[in-house]
Amino acid sequence: MFARGETVIQIMERLAPKHYAEPDDKIGLQVGTLRKEVSKVLVALDVTPEVVAEAAEIGAELIIAHHAVIYRPLAHLQTDTPAGSLAADLLRNDIAVYIAHTNLDSAEGGMNDWMAEALGLEGRNVLREAHTDKLYKLAVFVPESHQAKVRDALFAAGAGWIGNYSHCSFNVAGTGTFMPREGSDPYIGKQGKIESASEIRIETIVPQSVRKAVIAAMLKAHPYEEVAYDLYSMDLKGRSFGLGRVGKLPADESLDEFAERVKRAFDVPFVRVVGEGDKRIRKVAVLGGSGSRFIKNAMFAGADVLVTGDIDYHTAHDAAVAGLALVDPGHNAEKIMKRKVADWLQQHLDDQGYATQAVASRVNTEPFRLK
């Protein structure tokens, strides 16, 4: 059985919730419809004519990309323009396009964590905090016979985390009473008769990012026709998410040695470097995409070097004067997301029993070449 497009995106948004996105970022469904079965998903960094042709060739009904296909407002969709032609190709082949951009950048286990891992950084923290996951307390009343099944479903959906501890819950035994009325189909008892049942009140913590998934999993695992549960917000601070990561190398190395590490990590033929080659590097800030405006964040974090793309001339001078080294592998270094997202999606599609395939694009969308 193939997953419907809506289901694929529900799974994707468990990795990169939409509310993690920066204000006014162009994310979500941009072209086509999700109201269809999807046999293949193509994961791409950019949506170019070559990527659309690749999707059509392999029979993909959905492209999940990092960079928006519609970023600036379109005054028209004339098919003899690049934007219009691209949209026409997508619609002609019935290929939908969904964008996960800064929400994927900020997500735990997303773009910036993948880049930090590729560089071998340890003890990672967020470079610039942008979002703190709101916490909720969930209390649900479950018959004793199903308490383990419901708890397992809650934990599997992402509930029960307190700091570095998982599977956290509090369980209290009690007696529930109810009267099934006309039109009901009770799991326990008969219509018109007051019933009582030995139940367990399960309490656990639910982050906002997985709230919908947790509630859905609880309702599916619960045997009652009508589930009694409470969900209320808490003042406690949840996990922090944001753009960029800061961490340390296992051992210090020269800036020139570190530049070679960056080239290997992101499979790029060259990098631009600001700073003396023998400068010692240990603490590293990394931010996928264009990170010129994060120079001060890297300095405040005590980083020896910032790894990011699209560094402009004047920003490079400012960093040099401030003593912050820079390594620029280019914006296309974010291509690391193609295989990572495809593998993550495939695992979760498989876990849910879907035959849908997630495929990493083979198209190189780097627009620059060296002469």
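The values are calculated or read from the model by the stated rules, or taken from the named source; none is laboratory data. These numbers come from a predicted model, not from an experiment. So basically every Cβ, Gly included, is an ideal-geometry build from the backbone, and we count neighbours across all protein chains shown.
Among the numbered criteria (1) of a type outside the set (Val, Ile, Thr); (2) under 33 Å from the mean Cα position of the chain (by Cα); (3) surrounded by fewer than 16 Cβ atoms within 10 Å (Cβ to Cβ), which single criterion is violated by residue 192?
Only one criterion in (1) of a type outside the set (Val, Ile, Thr); (2) under 33 Å from the mean Cα position of the chain (by Cα); (3) surrounded by fewer than 16 Cβ atoms within 10 Å (Cβ to Cβ) is unmet by residue 192, namely (2).
Starting from the stretch 178-195, keep only residues that are of a type in the set (Ser, Thr, Tyr), then list their pairs with residues that are surrounded by 13 or more Cβ atoms within 10 Å (Cβ to Cβ) whose Cβ atoms are within a distance under 8 Å, requiring at least 6 positions of separation or different chains.
187/143; 187/223; 187/224
Please work out if residue 26 is charged (D, E, K, R), closer than 25 Å to residue 215 by Cα and touching a residue at least 12 places away in the same chain (Cβ under 8 Å).
No: the conditions fail for residue 26.
Test each condition in (1) of a type in the set (Gly, Ala, Ser); (2) modelled with pLDDT of 95 or more; (3) over 28 Å from the mean Cα position of the chain (by Cα) for residue 184 and report the one that comes out false.
(2)
Output the residues belonging to the stretch 146-159 that are touching a Ser or Thr at 6+ places or on another chain (Cβ under 9 Å), surrounded by fewer than 21 Cβ atoms within 10 Å (Cβ to Cβ) and on the phi < 0 side of the Ramachandran plot.
155
Listed here are the residues, each with its yes/no results for (1) out of contact with any strand residue (DSSP E or B) (no Cβ under 8 Å at 6 or more places or on another chain); (2) closer than 12 Å to residue 28 by Cα; (3) among the basic types (Lys, Arg).
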{"site": "48", "(1), (2), (3)": "yes, no, no"}
{"site": "54", "(1), (2), (3)": "no, no, no"}
{"site": "58", "(1), (2), (3)": "no, no, no"}
{"site": "65", "(1), (2), (3)": "no, yes, no"}
{"site": "89", "(1), (2), (3)": "yes, no, no"}
{"site": "92", "(1), (2), (3)": "yes, no, yes"}
{"site": "101", "(1), (2), (3)": "yes, yes, no"}
{"site": "105", "(1), (2), (3)": "no, no, no"}
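Out of the residues in the stretch 235-252 that are surrounded by 15 or more Cβ atoms within 10 Å (Cβ to Cβ) and charged (D, E, K, R), which is farthest from the chain's Cα centre (by Cα)?
248
Of (1) touching a Pro at 6+ places or on another chain (Cβ under 8 Å); (2) modelled with pLDDT of 95 or more, residue 161 satisfies all except one. Which?
Checking residue 161 against (1) touching a Pro at 6+ places or on another chain (Cβ under 8 Å); (2) modelled with pLDDT of 95 or more, the one that fails is (2).
What tally of residues in the stretch 341-356 results from selecting those that are within 18 Å of residue 17 (Cβ to Cβ) and crowded, with 20+ Cβ neighbours inside 10 Å?
3
So, in the stretch 272-323, of the ones that are β-branched (Val, Ile, Thr) and under 27 Å from the mean Cα position of the chain (by Cα), which residue ends up farthest from residue 108 (Cα to Cα)?
311
Just checking, which of 228, 259, 221 is surrounded by 14 or more Cβ atoms within 10 Å (Cβ to Cβ), aliphatic (A, V, I, L, M), in contact with a strand residue (DSSP E or B) (Cβ under 6 Å, 6 or more places away or on another chain) and closer than 16 Å to residue 140 by Cβ?
None of the others qualify; the one that does is 228.
Looking at the stretch 295-311 only, could you name the residues that are of a type in the set (A, V, I, L, M, F, W, C), surrounded by 21 or more Cβ atoms within 10 Å (Cβ to Cβ) and touching a residue at least 40 places away in the same chain (Cβ under 8 Å)?
298, 303, 305, 307
Select from the stretch 33-54 the residues that are under 16 Å from residue 2 (Cβ atoms) and not charged (D, E, K, R) and list them in ascending order.
Selection gives 33, 34, 38, 39, 41, 42.
Among the strands (runs of 3 or more DSSP E) contained in the stretch 1-83, which hold 1 or more residues that are polar (S, T, N, Q) and modelled with pLDDT of 95 or more?
28-31
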